[in-house]
Amino acid sequence: MQSLNTYEHKPPENVEPKQLVILLHGLGADGRDLMGLAPLFAQELPEAVFVSPDAPFPCDMAPMGYQWFSLQDRSPEPILKGVQEAAPILEAFIDEQLEKYGLTGDKLALLGFSQGTMMSLYSGPRYPDTIAGILGYSGALVWEEDLNTGFLQKMPVHLIHGEADDIVPVQARAFAQESLEKAGFTVSGHTVPDLPHGIDEEGIKSGSEFLKSLF
C-alpha cells in the first residue's frame, strides 16, 4: 500500500497527543490546503495532533495538486468506484497514524472538505473500529444503494455547506443527512447563506465546537 506524503500540526513538545484529527483535502489541492485550519481547531483541542495527507493520485483535471478519485465523469457509478478504490489507501493511512501516535479509533476524528468529505463519509463508517466522529464541509454522500447494512459503524456526523455552492450543490447536504439518519447516524450542522464552495469563520467555529464535543 502506498505511503502518503503528510503534513502535521502537533501539540506543544511536552504534551502527549491524546486525539488524532485527519484532514482530507478536496480535488486539485494537497495536504497543505487544510493545515491552516489546524491551529484554529487546536484552540479547542490543545492535546490533538492534526495530520493532513496528500491524496494518493495526481489530479487529472489540473497541472498540479492531487485527487482521491477522478471527477472527469461525474455520474454516480464512476464516482462510487473511485471512492471504493481509494478507501483501502485511506484505511491503511488511518491505521498507520493511529499506530504512530498510540491511539485507538475512539480518539480519531475525520475532517473533510469536498472530495475529502466524500471519502470521510464512506470510509469512516466502514473502519473496523468506531471512530469518534466526522466533520464534513461542502461534500456529499457516496454510498451503495443499501445504506442500512449492519456492518456500518455509527458515529456523530457534522455537515456544513454553503447555500451558494456551485461545485457541490447544497442539496447534497440534505440528501446526506436524510440518508445517514435513516441508517442510524446522528447528524448535525447547518447551511450558510451566500457561501460558495468553501469554509467560512462560522463554519470553523461550529466545526471546532463539534470536534471538542467528541472527546
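Cut-off is 10 Å between beta-carbons; in what order do 30, 166 appear when sorted fewest neighbours first? Working shown, then result.
Details: 30 18, 166 9.
Ranked by crowding around the Cβ, least crowded first: 166, 30.
Quote the charge dipole size of the chain about the Cα centre in Debye, to the nearest 20; the model charges only the Cβ of Lys and Arg (+1) and of Asp and Glu (-1).
Approximately 300 debye in magnitude.
I need the helices of the chain that pass two filters: whole DSSP H segments spanning 30 Å or more by Cα along the axis, and mean Kyte-Doolittle score no lower than -1.0.
What comes out of the filter, once short or polar helices are dropped, is 76-101.
Quick check on the exposure proxy: order 190, 9 from fewest to most C-beta atoms within 10 angstrom.
190, 9
Each residue of the range 23-40 in turn: what ³J(HN,Hα) in whole Hz from Karplus with 6.51, -1.76, 1.60 and θ = phi - 60°, glycine and Pro shown as x?
9, 10, 7, x, 4, x, 9, 8, x, 6, 4, 9, 5, x, 7, 4, x, 5
In the range 118-215, which trypsin sites (Lys or Arg not before Pro) fall in coil by DSSP and have 16 or fewer other Cβ atoms within 10 Å? It would help to have the intermediate numbers written out before the result.
Numbers: sites: 126, 154, 173, 182, 205, 212; in loops: 154.
In loop regions of the range 118-215 (DSSP not H, G, I, E or B), the sparsely surrounded trypsin sites (Lys or Arg not before Pro) are 154.
For a quick size check, give me the Cα extents of the range 1-92 along its three principal axes, largest first, whole Å.
Principal extents (largest minus smallest coordinate, Cα): 47, 25, 22 Å.
Can you spot the lysines whose alpha carbon is less than 21 Å from residue 212's alpha carbon? Ignore those fewer than 8 places along the same chain.
10, 18, 107, 154
Would you please give the FRET efficiency between residue 73 and residue 153, computed as 1/(1 + (r/R0)^6) with r the Cβ-Cβ distance and R0 = 35 Å, to the nearest 0.05?
So the FRET efficiency works out to roughly 0.75.
May I ask for the percentage of alpha-carbon pairs in the chain that lie more than 29 Å from each other?
The calculated P(r) of the chain puts 17 percent of pairs beyond 29 Å.
Could you work out the relative contact order of the range 1-130, using alpha carbon pairs under 8 angstrom and six or more residues apart, expressed as a whole percent?
30 percent
Given an 8 Å cut-off on Cα distances and at least 6 residues of separation, report the relative contact order of the range 6-214 as a percent.
18 percent
What are the residues whose amide H is under 5 Å from the amide H of residue 188, where those residues sit 5 or more places off or on another chain and H is modelled from the backbone?
Excluding prolines and chain starts, which carry no amide H, the hits are 157, 158, 159.
Sorted from fewest to most neighbouring beta carbons within 10 Å, what does the list 119, 61, 155 look like?
Lowest count first: 61, 155, 119.
Near the amide H of residue 7, under 5 Å away, which other amide H atoms are found, from residues 5 or more places off or on another chain, if H is placed in the peptide plane?
Residues meeting the amide H criterion: 52, 54.
On full extension of the chain, what length is gained from residue 6 through residue 44, given 0.36 nm per residue of separation minus the C-alpha to C-alpha distance?
Fully extending the segment from residue 6 to residue 44 adds 11.4 nm.
Values in this text are rule-based calculations from the coordinates and carry no lab data. Everything quoted here is computed from the prediction, not taken from an experiment. Cβ: placed from backbone, ideal geometry, glycine included. Neighbour counts: every protein chain shown.
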